[in-house]
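Enquirer: Sharing a structure, written as structure tokens. Questions coming.
The values are calculated or read from the model by the stated rules, or taken from the named source; none is laboratory data. Predicted model, so just to flag it, every value in this text is computed and none were measured. All Cβ positions, glycine included, derive from the backbone under ideal geometry; neighbour counts span all protein chains shown. Just so you know, the surface numbers come from the protein's heavy atoms only, side chains and all, with ligands and any DNA or RNA stripped out. Shrake-Rupley method; radii C 1.70, N 1.55, O 1.52, S 1.80 Å.
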Amino acid sequence: MTGPVEGRPDIAGTITFFYYDDLAAAIRWYREVLGFEPYFDQDWLVLLRVAPGHSLGLVDAVSGSQRPVPGLNKGATLSIETDQLEQWRDRLAAAGCLGPDDGFQPGCRGRTTEFRVCDPGGYFVEFFRWIEPPV
């Protein structure tokens, strides 16, 4: 792969939206456990900065355009690339967010080391580090 397709318009950033029956619990978890700070806060929607140009939108179950998906497979994962994988795992362990099977695992067909946790709404949040970075 090379750079952007010639003639494609610029993109200023991305926002992933997750939908919750208990929006307040999700906001607390992302602020207190992951340390994401809100930059836009309405009664039904909170936007949190994940990294420059990348945000996470937390939306209540009845006001947004979508609805929470019941069950364990939400069909979406927030994947966070980091070179500080051990520090993130330590932070989540200290917050009581890790279970007995939340150790480091190979991912991406052996190209990453990763671990996952579940947020209060059942969405997976995956932390990973490349072993073989894409070129």
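Enquirer: Lys/Arg Cβ at +1, Asp/Glu Cβ at -1, dipole of the chain taken about the Cα centre: which of 57, 12, 110 is farthest positive-ward?
Expert: It is 110, whose Cα lies furthest towards the positive end.
Enquirer: Quick check: net charge around residue 59, other residues with Cβ under 14 Å of its Cβ, Lys/Arg +1 and Asp/Glu -1?
Expert: Numbers: positive: 67, 74; negative: 21, 22, 41, 43, 60, 119.
For residues surrounding residue 59, the net value is -4.
Enquirer: Another question about this same structure. Around residue 19, under 10 Å between beta carbons, what's the net of Lys plus Arg minus Asp minus Glu among the other residues? Can you show the working numbers first?
Expert: On the way: positive: 67, 74; negative: 21, 60.
In short, 0.
Enquirer: Something else: Quantify, in whole percent, the carbon and sulfur part of the accessible surface of region 8-52 (1.4 Å probe; protein heavy atoms only). Working shown, then result.
Expert: Numbers: 1480 of 2860 Å².
Ligands and nucleic acids excluded, carbon and sulfur give 52 percent.
Enquirer: Taking every eigenvalue of the Cα gyration tensor of region 11-135, multiplying by 5 and rooting it, what semi-axes result, largest first, whole Å? Mind showing how you got there, number by number?
Expert: Numbers: eigenvalues 121, 55, 42 Å².
Whole-Å semi-axes of the equivalent ellipsoid: 25, 17, 14.
Enquirer: Dipole of the chain, Cα-centred, from +1 at each Lys and Arg C-beta and -1 at each Asp and Glu C-beta, to the nearest 20 debye? Before the final figure, lay out each step's value.
Expert: Numbers: 12 positive and 19 negative charges, 46 e Å.
That gives a dipole near 220 debye.
Enquirer: May I pose another question? Residue farthest toward the positive end of the dipole of the chain, with Cβ of Lys/Arg at +1 and Asp/Glu at -1: which of 36, 94, 130?
Expert: Of the options given, the answer is 130.
Enquirer: With the other protein chains left in place, how much accessible area per residue, in square angstrom, belongs to the chain at a 1.4 angstrom probe? Walk me through the numbers on the way to the answer.
Expert: Values: 8680 Å² over 135 residues.
In whole numbers, the chain has 64 Å² accessible per residue.
Enquirer: Antiparallel as a % of all DSSP beta bridges within the chain, to the nearest 5?
Expert: Values: 20 of 32 bridges.
Roughly 60 percent of the DSSP beta bridges within the chain come out antiparallel.
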